[in-house]
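Before any comments, here is the structure.
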Amino acid sequence: MKFRAGVAGLAVVVLAASAGCGAPKDGAAQDAVGSTPTSTASASTAPTSAASKGAAPTSTTTAAESASLPSAEMQGRWWTWAATEPEATNPVADTDGSACARNQPDDVWFLAGTFGGRAKRACEVPGGRPVVVPVVNRVGDGRTCADFMSTARGTVVLDGEPVEPERHEDDSILVEGAPGNPVTGEEGRFTATGCGLWVRLPSLAPGAHTLKVTGRSGDFSTGVDYALTVVAP
């Protein structure tokens, strides 16, 4: 994630950096726009949001479950989720995983990246939910995203097995920030172009899992080593 009221890192995103999505207040949908963001909040942001060896991870649901969100909705919901907390409890600024469960929606579980640099987090995840995490991501206008994606690179390893990130180049999204959040920098709702590398995972089997997310674009880098404990629903 690249943006801290201008610069943030995934993350994770895993999503962050991704995979978990929080709906914007009032259930507002995200539509494609693609021009320089307009709003009551600062609109040129970029977070990432970014395993132990073992067999390929097992899933309690099909992969279709995690792919049900359109790209623009996924990104808009993740950015709104990341912008709902002040820095002390913000999941992107989280240093140990204690903020993982903040404001999580009921239909997906978001993970975050960092505002730059690497973090280690331990998180408990409810079973039966797909996971969304950004590897490296940004919001801005079309040109900003084009430049960002030209050097965007990243890797994701789940339980020792590589996972190929998805590339999302230029979706028009709606983001809403809460007062005092470090992601948008101020309260308000705005439209912008969202882009980045993302991973969407089907819900994981109950038990312990490791997720390692590493992302980079230009001179910005982010990464998170997640120790996930999935609890049976």
Query raised in the report: Roughly how many whole Å is it from the C-alpha centroid of the range 65-122 to that of the range 133-203?
Result: 11 Å
Query raised in the report: In nanometres, what is the gap between the two model label sites at Glu124 and Asp106, each 7 Å from Cα along Cα-to-Cβ?
Result: 2.1 nm
**Report entry** Accessible area of the range 141-189 divided out per residue, in Å², using a probe of 1.4 angstrom
**Finding:** 47 Å²
**Report entry** Global size of the range 133-173 as Cα Rg and Dmax, reported in angstrom
**Finding:** 11.9, 36
Query - Within the range 210-230, backbone nitrogen closer than 19 Å to the virtual label 7 Å beyond the Cα of Asp96 toward Cβ - result: 224-229
**Report entry** For peptides 80-93, 174-187, 132-145, 149-162, sequence by mean Cβ density within 10 Å, most packed first
**Finding:** 132-145, 80-93, 174-187, 149-162
Report summary line: Taking Cα pairs closer than 8 Å and at least 6 residues apart, the relative contact order of the range 111-217 in percent is 38 percent
**Report entry** Distance in nm between pseudo-label sites at Ala88 and Ala146 (7 Å out along the Cβ direction from Cα)
**Finding:** 4.4 nm
Query raised in the report: How many percent of all Cα-Cα pairs in the range 89-208 sit more than 25 Å apart?
Result: 26 percent
Query raised in the report: Compactness ratio of the range 174-233: Cα Rg over 2.2 N^0.38 Å, N = residue count?
Result: 1.53
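The values are calculated or read from the model by the stated rules, or taken from the named source; none is laboratory data. In this text the structure is predicted, and so the values were computed from the model without any measurement. With ideal geometry, Cβ positions are generated from the backbone for all residues, glycine too; neighbour counts draw on all protein chains shown. With ligands, DNA and RNA removed, areas are computed over all heavy atoms of the protein, side chains included. Shrake-Rupley method; radii C 1.70, N 1.55, O 1.52, S 1.80 Å.
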